[in-house]
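Here is the structure we will look at, set down as structure tokens.
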Amino acid sequence: MPEETLQPLDKPTLTRPGLLVMDVDSTLIDEEVIDLLGEAAGVGDRVARITARAMAGELDFAEALRARVALLQGLPASVFAKTRAAVHFTTGALELIDALHGHGWTVGVVSGGFHEVVDDLVADAGIDHALANRLEVVDGVLTGRIVGPIVTRDLKRQSLVTWAQADGVPMSQTVALGDGANDIPMILTAGLGVAFCAKPAVRAAAPHAIDERDLTRVLELLR
């Protein structure tokens, strides 16, 4: 059985409305979208190496993202549909979202990935809130640049707080989970923070850990 830390007495509960916010790549879905885009651009190994170091906390996330996106220059925008078709919801993801909605909860995703893929996932899963990066496309081709602010660890944490306020949910009734170093601030800010099949630094920092790729395990922490 996966190891989990002891739960606090005032942990969030399904008996009251709440908010769960999760990362997308390697959490809501099994894949890393930036790595799939890198493969499509013929630079998969280079992108994957940067991704691994960024998620382990060895590189500044924003700088690492700009470096990876620059390698995607010249890809046709049609790559987004192909990439969406290649990703899979993590086991239990849709069941978790349905169960939370059934108890009056809302669900948000915050992603260092891209709206061009995330928006379809959000629609398919019935997710209530979403924030991701956006890639610049000119004349149907990726320019290798990002449009707008980059979703950093601080922006992830702030999104959790902002959505909780908008939904009228106290922070004690919030849950945050993710696998990468940029998820740590929101994991520590939530009423219940969970490292989900996470990198060592995240697992060490998070109050709770789930090491099985089944998102319904989150429900066990809310009972």
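Note on residue 94 and residue 30: their simple-model spin labels are 1.5 nm apart, each label 7 Å out from Cα toward Cβ. Positive-end ranking of 83, 61, 110 along the dipole of segment 12-138, with charges on Cβ about the Cα centre, is headed by 61. Using only alpha-carbon positions in the chain, the gyration tensor eigenvalues give semi-axes of 29, 18, 15 Å once each is multiplied by 5 and square-rooted (largest first).
In segment 66-223, the DSSP beta bridges split such that about 30 percent are antiparallel, to the nearest 5. The simple spin-label model puts a point 7 Å past each Cα toward its Cβ; for residue 137 and residue 211 those points are separated by 4.1 nm.
Distance distribution P(r), segment 103-149, all Cα-Cα pairs, bin width 5 angstrom from 0: 5, 20, 26, 19, 14, 10, 3, 2, 1 percent.
Rounded if a/c is under 1.5, else prolate if a/b beats b/c, else oblate: with a ≥ b ≥ c from the C-alpha gyration tensor eigenvalues square-rooted, which is segment 148-217?
Details: a/c = 2.05, a/b = 1.31, b/c = 1.56.
Note, shape of segment 148-217 comes out oblate.
Under a point-charge model restricted to the Cβ atoms of Lys and Arg (+1) and Asp and Glu (-1), what is the dipole moment magnitude of segment 155-220 relative to its Cα centre, in debye to the nearest 20?
Numbers: 6 positive and 7 negative charges, 44 e Å.
Roughly 220 debye for segment 155-220.
Against the chain, whose longest principal axis is taken from its Cα atoms, helix 115-125 shows a tilt of about 40°. When a 1.4 Å probe is rolled over the protein heavy atoms, the share of accessible surface on the chain that falls to carbon and sulfur comes to 53 percent.
Think of a 1.4 Å ball rolled over the protein heavy atoms: the chain then has 42 Å² of accessible area per residue. Taking the Cα centre of the chain as reference, the dipole from Cβ charges on Lys and Arg (+1) and Asp and Glu (-1) amounts to some 440 debye. Using just its DSSP H runs of length 4 or more, each adding -39500 (n - 2.57), the chain gives a mean residue ellipticity at 222 nm of -11500 deg cm²/dmol after division by all residues.
The values are calculated or read from the model by the stated rules, or taken from the named source; none is laboratory data. In this text the structure is predicted, and so the values were computed from the model without any measurement. Every residue, glycine among them, receives a Cβ derived from its backbone with ideal geometry; neighbour counts consider all protein chains shown. Only protein heavy atoms, including side chains, enter the accessible area calculation; ligands, DNA and RNA are left aside. Shrake-Rupley method; radii C 1.70, N 1.55, O 1.52, S 1.80 Å.
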